[in-house]
Amino acid sequence: MLPLSICVIGGILRQKEHTLHEWSNVNRNIELLLTHGEGVQDYKRVKQVLELSYDALPYYLKPCFLFLACFPEDELISIEKLYLLWMAEGFISHQDKGPNETLRDVAQRYLSELAMRCMVQLHEAEIYTPRDKFDSCGIHDLMHDLCSSKAENETFLKRIDASKYLNDYVLALPPSVGNSVSRLAITREHNAYISSVKGLEEVKDLRSLMLLHKRDYCYESIKLKESTIDFEMSQCLRIFVAEGCKFEGEKLPRKVGELIHLRYLSLKWSNVRKLPKSVCSMPYLQTLDLRVYFLDVIRLPNVIWKMKKLKHLFLNEIKVIGGEKLRLDGLDELETLDEIRSETARIADIPKLISLQSLSVKVRDDCDVDNMSILLSNKNRQLRETCLEVESCDLSSEKGMEFLSDGLASPSLASLCIKKCNMSGSFPYYTQGMCQNLVKLSLEDWEVKVDMTDFGKYPMLQSLSLCGVKMTGTLICQSNSFPQLKELHLSYLSALKEWEVEERAMAKLTFLSIRSCRYLKKVPEGLRSISTLREMVIGQMPIEFTEKVREQAYFPFVKIERSPWDRDSSQD
């Protein structure tokens, strides 16, 4: 508790003017609380000190902080999700936008300021992009207690832990909820199943209703009948999150489409199979998350292009009603498109999305090279991050090579995965300025020659996967190559026999997997000098190779999987 108090006090002082008067005021308040605080227990005194951090927050950060009370203790909170919820609530001020900023950029600054004040803890992503170094945040238990008590006392937000009110799979909300809150969050454990909810239909004038899960995946863990929620009593609802909900009849309640003030609608991991047209006519909807259960397909009316205020659209498996491809033109304010597929969406509409900043797209064999070239053109200067997966496409033509070369030169390209494609010659050689922001590269199952020495020159590459591609018999990782690489996956490289790692190569490598490279003789000695290496997986390799790994004493961070050649490797 004491280190947290010191950090919070430091965060307060950091925001104060560096004058004797300001610092003296802080000193007097802290000394007063520590000397004359209520009770004698350390916890109460520390809590009073932490309250100073809340009192010192500027007006625009207080609702952002209090909103964190909707998440359970010790939960890693997705910062992307948090930004979108803040924006839907109207916490992010348009007046704080710079000339080239979006509201998301402002939200990012707000979270950074809370972190500088030591009120939240930012967690760096394992594989991060220039746009986002952090992917989640957390809050200390004591700070969470403060946040929750403040949010409830100020009737800002109420969080219900379903496990405390669950009896025979029935969740009965306490009568105290009633009209006392404008924001209600119901959280449940990963193994909790709720067959029905009682009392939710009595809650009036809700601004936000969030049915959240403590884990990053859930499916049909809470049943919602048509009558469970009385949307007519909450016409001002701005946020409706239904994570992992099982809707009656596999469809949304009819009244959802009448929520004209709704800004955020999430059906993530739900069982919804069809989106009604009424949802697409919501005039102010900003975020639409249709990433339903991954084994299911959601049917969409082809009217999403009419949602003029839509800024963030999340999809996975979809089918457009009527058989046409999903139309996207007209979404002039759309900033995030994740993920669309060439089989079901009009790729040619992407250049018309003038505000697009983040794009994730999968193209398959029905997508021609001309359409693929559209994806990585530099015409959209707003585009900051592109994640592209190309599968079973013909890249053997001159246009195909141009598409690949132009794509690697695109400053927005952050992730590239190419599978089972036709291509003549070799993978494009490195030139100055290529792959400036590419952090993830995966080449799988295609007959193309690659030069791994070139990949070592990519300045931001953090994850590299090579599976079933052509390469030379000897692989040399030169000194100072792969400066940012953290993950390396090598599999089904039939020509690979020797591997050398020179000093200071792959200096940040943390994970290595080697599978089915059956002619590779041994793990390079140079790996010993990589102090960051924490895990090595060896799979489907000859017994001679695994024995040498054991002799090299790489344990305990080596995991050796059973090899099909353990008994007959001597015959190879």
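The values are calculated or read from the model by the stated rules, or taken from the named source; none is laboratory data. This structure is a prediction, so every number in the text was calculated from the model and none was measured. Cβ sites come from the backbone with ideal geometry, for glycine too, and all protein chains shown count toward neighbours.
Given the conditions (1) of a type outside the set (Asp, Glu); (2) buried (at least 18 other Cβ atoms within 10 Å of the Cβ); (3) modelled with pLDDT of 95 or more, which single one is not true for Gln484?
(2)
Free of Cβ contacts under 8 Å to residues at least 40 places away in the same chain and either over 21 Å from Leu337 (Cβ atoms) or in the same structural domain as Cys467 (by TED's automatic domain parsing) (or both), is that true of Leu416?
Values: free of Cβ contacts under 8 Å to residues at least 40 places away in the same chain: yes; either over 21 Å from Leu337 (Cβ atoms) or in the same structural domain as Cys467 (by TED's automatic domain parsing) (or both): no.
No, not satisfied.
Considering each of Ile127, Ile92, Ile160 in turn, give the residue that is closer than 19 Å to Leu212 by Cα, modelled with pLDDT of 85 or more and aliphatic (A, V, I, L, M).
Numbers: Ile127 fails: closer than 19 Å to Leu212 by Cα; Ile92 fails: closer than 19 Å to Leu212 by Cα.
None of the others qualify; the one that does is Ile160.
Go through (1) over 15 Å from Glu73 (Cβ atoms); (2) assigned to a strand (DSSP E or B); (3) free of Cβ contacts under 8 Å to residues at least 60 places away in the same chain and name the single condition Ile160 misses.
Among (1) over 15 Å from Glu73 (Cβ atoms); (2) assigned to a strand (DSSP E or B); (3) free of Cβ contacts under 8 Å to residues at least 60 places away in the same chain, Ile160 violates only (1).
Listed here are the residues, each with its yes/no results for (1) buried (at least 21 other Cβ atoms within 10 Å of the Cβ); (2) farther than 21 Å from Asp230 by Cβ.
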| residue | (1), (2) |
| --- | --- |
| Lys255 | no, no |
| Leu259 | yes, no |
| Leu265 | yes, no |
| Arg273 | no, yes |
| Lys277 | no, yes |
| Pro283 | no, yes |
| Val320 | no, yes |
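Give all pairs with beta carbons closer than 9 Å in which a residue from the stretch 43-64 that is more than 19 Å from Gly138 (Cβ to Cβ) and hydroxyl-bearing (Ser, Thr, Tyr) meets a residue that is modelled with pLDDT of 80 or more and part of a helix (DSSP H, G or I); count only pairs at least 6 apart in sequence or on separate chains.
What qualifies is Tyr43/Leu142; Tyr60/Asp96; Tyr60/Tyr110.
Any residue that is crowded, with 16+ Cβ neighbours inside 10 Å and in a strand (DSSP E or B) - is there at least one of those in the stretch 346-358? Can you show your working first?
In the first step, residues of the stretch 346-358 are kept if they are crowded, with 16+ Cβ neighbours inside 10 Å; the result is 346-347, 349-350, 352-353, 356-358.
When the remaining residues are screened for being in a strand (DSSP E or B), the result is 358.
Checked the stretch 346-358: at least one residue is crowded, with 16+ Cβ neighbours inside 10 Å and in a strand (DSSP E or B).
Could you please give the count of residues in the stretch 274-300 that are modelled with pLDDT of 90 or more, part of a loop (DSSP other than H, G, I, E, B) and in contact with a Lys or Arg (Cβ under 7 Å, 6 or more places away or on another chain)?
Count: 4.
Please specify each residue of the stretch 393-441 satisfying the condition of being in a loop (DSSP other than H, G, I, E, B), small (Gly, Ala, Ser) and either closer than 16 Å to Val369 by Cα or modelled with pLDDT of 85 or more (or both). Can you show your working first?
Going residue by residue through the stretch 393-441, those that are in a loop (DSSP other than H, G, I, E, B) are 393, 395-397, 410-412, 420-421, 423-425, 427-439.
When the remaining residues are screened for being small (Gly, Ala, Ser), the result is 396-397, 410, 412, 424-425, 433.
If the condition is that a residue be in a loop (DSSP other than H, G, I, E, B), small (Gly, Ala, Ser) and either closer than 16 Å to Val369 by Cα or modelled with pLDDT of 85 or more (or both), then Ser396, Ser397, Ser410, Ser412, Ser424 are the ones that fit.
Could you check the stretch 80-129 and list, in sequence order, the residues that are closer than 21 Å to Ser412 by Cα and of a type in the set (Val, Ile, Thr)?
Listed by number, the residues that qualify are Thr102, Val106, Ile127, Thr129.
Do you know which of the residues in the stretch 130-166 that are within 30 Å of Ser412 (Cα to Cα) and touching a Ser or Thr at 6+ places or on another chain (Cβ under 8 Å) is surrounded by the fewest Cβ atoms within 10 Å (Cβ to Cβ)? So that I can check it myself, show each step before the final result.
Pass one, the stretch 130-166, residues within 30 Å of Ser412 (Cα to Cα): 130-138.
From what's left, touching a Ser or Thr at 6+ places or on another chain (Cβ under 8 Å): 131, 135-136.
Working: Arg131: 15, Asp135: 17, Ser136: 18.
Of everything passing the filter in the stretch 130-166, Arg131 is surrounded by the fewest Cβ atoms within 10 Å (Cβ to Cβ).
Looking only at residues that are assigned to a helix (DSSP H, G or I) and surrounded by 13 or more Cβ atoms within 10 Å (Cβ to Cβ) in the stretch 520-546, which one is nearest to the chain's Cα centre (by Cα)? Steps first, answer last, please.
Of the stretch 520-546, the ones assigned to a helix (DSSP H, G or I) are 525-529, 543-546.
When the remaining residues are screened for being surrounded by 13 or more Cβ atoms within 10 Å (Cβ to Cβ), the result is 526-529, 543-546.
Values: Gly526: 34, Leu527: 31, Arg528: 33, Ser529: 32, Ile543: 39, Glu544: 41, Phe545: 37, Thr546: 36 Å.
Of everything passing the filter in the stretch 520-546, Leu527 is nearest to the chain's Cα centre (by Cα).
Which strands (runs of 3 or more DSSP E) sit wholly inside the stretch 164-253 and have at least 2 residues that are at pLDDT 80 or above and closer than 20 Å to Pro72 by Cα? Walk me through it before giving the result.
Values: elements: 170-172, 183-188, 196-198, 208-213, 222-224, 239-242, 245-247.
Where strands (runs of 3 or more DSSP E) fall fully within the stretch 164-253 and carry at least 2 residues being at pLDDT 80 or above and closer than 20 Å to Pro72 by Cα, they are 183-188, 208-213, 239-242.
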